[in-house]
Amino acid sequence: MICSVVGARPNFMKMAPVVLEAKRRGMPHMFVHTGQHYDAAMSTVFFDELKMPRPDTYLGVGSGSHAEQTARVMIAFERVCVEHRPRLVIVAGDVNSTLACALAAVKLDIPVAHVEAGLRSFDRTMPEEYNRLLTDHIADLLFTSEPSGSVNLRNEGIAAERIHFVGNCMIDSLRAHLASAVERKPWKQMNLEPGTYGLLTVHRPAMVDDAVKLEQLRKVLREIGGSVPLLFPLHPRTRKRIETLGHDWSPVKLVDPLGYLDFLGLMAKARIVLTDSGGIQEETTALGVPCATLRDNTERPVTVEMGTNRLAGTKPEQILPVVSAMLAGHNSHGRVPDLWDGHAAVRVVDTIEQWMGR
Ligand code: UD1
C-alpha cells in the first residue's frame, strides 16, 4: 500500500492528480489529511472541487507554533505508519506537514517520495526553505517540477537516479478544471469585468506579521487600486492582522478566501495578479497572466525566466514601477515551461510503479 499525505491548502491541488491517478490504476492506497488547514474555506471546499476522495484518516492537528505543529503531525502520523506500514509515503510541497510526515516515515524505515522537490529560494528566513531542504535530503524519490529543481538537488549531492523531472502536478489540476472554472464566471458576483481587474493574495508571515511592512503594502495597494480595481481574498492569517490594525483598505475589495474554482476563474481573467504565494506564480505562468510577486526572491525561477512572473520586491518604491510597467503591457508575456502539460501525475505514478516493481 502507498500512502499520500496532504496538510495545507497548497498541497491539495498538487496531490489531487496523483491520488486520482493511483486510484484509477487500482493501486492499494491510503489517503491522510493532517488537518494543518482545517476550515471549510481552507480545506473542505478543495476536496469537493478537485473531486478528491475523502481522507481515510484525518489527524486534526490544527494551528500552533512551528515546533508544536510539526511535532503534533509527527506524533499522529507515526501512529498511522506503525499501524498500516505503507510501502511508500508521498508528500508534496513545503509546508510543515510535508517535513513532519517525511521525517516520521523515514525513521520507521518507510521510503518517502516528494512531489515538487528541489525548489530553493536560497532564503533561510523562510520556514518553507527548511521544509524543502530537509524533506529532499531524506526522500528516496524526488519529483521535480522545473529544471532548476533537478539542478539544485544535484548540486546538493543527491544521486541522479533519485531525481525524476516529471513536470508540474499543480498544473495538472489547473488544466483539468480551467474550463469549468471560467464557465462559472466568478468575476460577476464580484461586480468585475473580465480582463480589467487585479487579483491579490498576501499571507506570508514576513509580510503580514510585520506592522510596518503591512502598512507600506496597504498604502501601495490603495494607490494601485486607484487605477485598477483590486480584489483581495484574505487568508485567515492576513484577515486577523488587518482586523487587529483596523485601517482603511478602500478601494481594495477585501473578501473571504475563495474556493479553487472561483479563484482559478478569477485568475484566468485577471489583468494582473499580485501575490506572495509560491503556487500562484506558477498558475499565472501556465495561464499567461502577468504576475507581480511581492517578494525579493523566488524558488520558482522558471516562472521569471520563461513565464509571466516578475519579482516586484516588498517596498513601495520597488512595487509601483514594476506594476505600472506590467499594467502598461511591458515585459509581461511568457511561455509555458516544459512538462507543464497536464500529465505530470501520470509520470509520477509511472515512476512509483516502476520503483515498486509492479
Ligand atoms: C502555510 C504554509 C505556507 C503556505 C500556506 C498556504 C507552513 C510553514 N506554511 O502557512 O507555506 O503558503 O500554508 O495557505 O506550513 N488558519 C485558520 N484556518 C485554517 C488554517 C489556518 O484560521 O484552516 C489560521 C490559524 O490561525 C493559523 C494561521 O492561519 O495560526 C496560519 O496557519 P498555518 O498553517 O500555521 O500557516 P500558514 O500561514 O497558513
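The values are calculated or read from the model by the stated rules, or taken from the named source; none is laboratory data. Computed from a prediction, not measured in an experiment: that's the story for all the values here. A quick note on method: Cβ atoms are made from the backbone with ideal geometry, for glycine too, and the neighbour counts reach across all protein chains shown. SASA here: full protein model, heavy atoms, side chains in, ligands and nucleic acids out. Shrake-Rupley method; radii C 1.70, N 1.55, O 1.52, S 1.80 Å.
Which of the following residues is outside the structural domain of T284 (by TED's automatic domain parsing) and more than 23 Å from the chain's Cα centre (by Cα): E156, E193?
Matching residue, one of E156, E193: E156.
I'm told T308 meets every condition in (1) among the polar types (S, T, N, Q); (2) touching a residue at least 24 places away in the same chain (Cβ under 8 Å); (3) open to solvent by 10 Å² or more (accessible area, probe 1.4 Å) except one. Can you identify the failing condition by its number?
Among (1) among the polar types (S, T, N, Q); (2) touching a residue at least 24 places away in the same chain (Cβ under 8 Å); (3) open to solvent by 10 Å² or more (accessible area, probe 1.4 Å), the lone unmet condition for T308 is (3).
Can you name every residue in the range 311-358 that is crowded, with 16+ Cβ neighbours inside 10 Å, modelled with pLDDT under 95 and within 30 Å of V18 (Cβ to Cβ)?
G334, the sole residue that qualifies.
Going residue by residue through the range 269-280, is there one that turns out to be in contact with a Pro (Cβ under 8 Å, 6 or more places away or on another chain) and assigned to a helix (DSSP H, G or I)?
Yes, because at least one residue in the range 269-280 is in contact with a Pro (Cβ under 8 Å, 6 or more places away or on another chain) and assigned to a helix (DSSP H, G or I).
Every residue in the range 281-318 that is assigned to a helix (DSSP H, G or I) and among the acidic types (D, E), please.
Keep residues of the range 281-318 that are assigned to a helix (DSSP H, G or I), which gives 281-287, 302-305, 316-318.
If the condition is that a residue be assigned to a helix (DSSP H, G or I) and among the acidic types (D, E), then E282, E283, E305, E317 are the ones that fit.
Among the residues of the range 49-67, write down those that are within 15 Å of the ligand (Cβ to nearest atom), within 25 Å of A22 (Cβ to Cβ) and open to solvent by 70 Å² or more (accessible area, probe 1.4 Å).
Across the range 49-67, the qualifying residue is only Y58.
So which residues in the range 132-160 are of a type in the set (S, T, N, Q), in a helix (DSSP H, G or I) and open to solvent by less than 10 Å² (accessible area, probe 1.4 Å), if there are any at all?
Here is the first cut: in the range 132-160, the residues of a type in the set (S, T, N, Q) are 135, 144-145, 148, 150, 152, 155.
Still in the list and also in a helix (DSSP H, G or I): 135, 148, 150, 152, 155.
Once the filter is applied, which keeps residues that are of a type in the set (S, T, N, Q), in a helix (DSSP H, G or I) and open to solvent by less than 10 Å² (accessible area, probe 1.4 Å), the range 132-160 yields only T135.
Just checking, which of A22, A71 is of a type outside the set (D, E) and within 16 Å of the ligand (Cβ to nearest atom)? Outline the logic, then answer.
Values: A22 fails: within 16 Å of the ligand (Cβ to nearest atom).
Residue meeting the stated conditions: A71.
Take the conditions among the acidic types (D, E), in contact (Cβ under 8 Å) with a residue 60 or more places away in the chain and within 19 Å of A268 (Cα to Cα) and apply them to E299. Does it pass?
No; evaluated as a whole, the condition is false for this residue.
Tell me, yes or no, whether the range 29-46 has at least one residue that is of a type outside the set (F, W, Y), loosely packed, with under 14 Cβ neighbours inside 10 Å and closer than 29 Å to L261 by Cβ.
yes
Filter the range 87-113 down to the residues that are closer than 19 Å to V349 by Cβ and open to solvent by 10 Å² or more (accessible area, probe 1.4 Å) and list them by number.
Within the range 87-113, R87, P111 meet the criteria.
Give K219, K269, K240 a once-over and let me know the one that is within 16 Å of T196 (Cβ to Cβ), modelled with pLDDT of 95 or more, assigned by TED's automatic domain parsing to the domain that holds G313 and open to solvent by 30 Å² or more (accessible area, probe 1.4 Å).
K269
Just wondering, is there one or more residues in the range 185-205 that are within 16 Å of the ligand (Cβ to nearest atom), assigned to a helix (DSSP H, G or I) and surrounded by fewer than 23 Cβ atoms within 10 Å (Cβ to Cβ)?
yes
Please go through (1) open to solvent by 30 Å² or more (accessible area, probe 1.4 Å); (2) of a type in the set (A, V, I, L, M, F, W, C); (3) closer than 24 Å to S63 by Cα; (4) part of a helix (DSSP H, G or I) for L254 and return the number of the only condition it doesn't satisfy.
(4)
Taking M1 and the conditions (1) out of contact with any Asp or Glu (no Cβ under 8 Å at 6 or more places or on another chain); (2) surrounded by 22 or more Cβ atoms within 10 Å (Cβ to Cβ); (3) farther than 19 Å from V73 by Cβ, which numbered condition does it fall short on, given that it satisfies the others?
Looking at each condition in turn, M1 falls short on (2).
Give the range 218-275 a look and list any residue that's among the polar types (S, T, N, Q) and within 13 Å of the ligand (Cβ to nearest atom), or say none. Let's see the steps before the verdict.
Narrowing the range 218-275 to residues among the polar types (S, T, N, Q): 227, 238, 244, 250, 275.
Correct list: T238, T244, T275.
Looking only at the range 116-127, decide whether some residue is farther than 22 Å from G167 by Cβ, touching an Asp or Glu at 6+ places or on another chain (Cβ under 9 Å), among the acidic types (D, E) and open to solvent by 30 Å² or more (accessible area, probe 1.4 Å).
Looking through the range 116-127, at least one residue is farther than 22 Å from G167 by Cβ, touching an Asp or Glu at 6+ places or on another chain (Cβ under 9 Å), among the acidic types (D, E) and open to solvent by 30 Å² or more (accessible area, probe 1.4 Å).
Here is a list of conditions, (1) within 16 Å of the ligand (Cβ to nearest atom); (2) free of Cβ contacts under 8 Å to residues at least 24 places away in the same chain, and G35 meets all of them except one; can you say which number that is?
(2)
What's the number of the condition I171 fails, among (1) of a type in the set (V, I, T); (2) without any contact (Cβ under 8 Å) to a residue 60 or more places away in the chain; (3) over 25 Å from V252 (Cα atoms)?
Answer for I171: the failing condition is (2).
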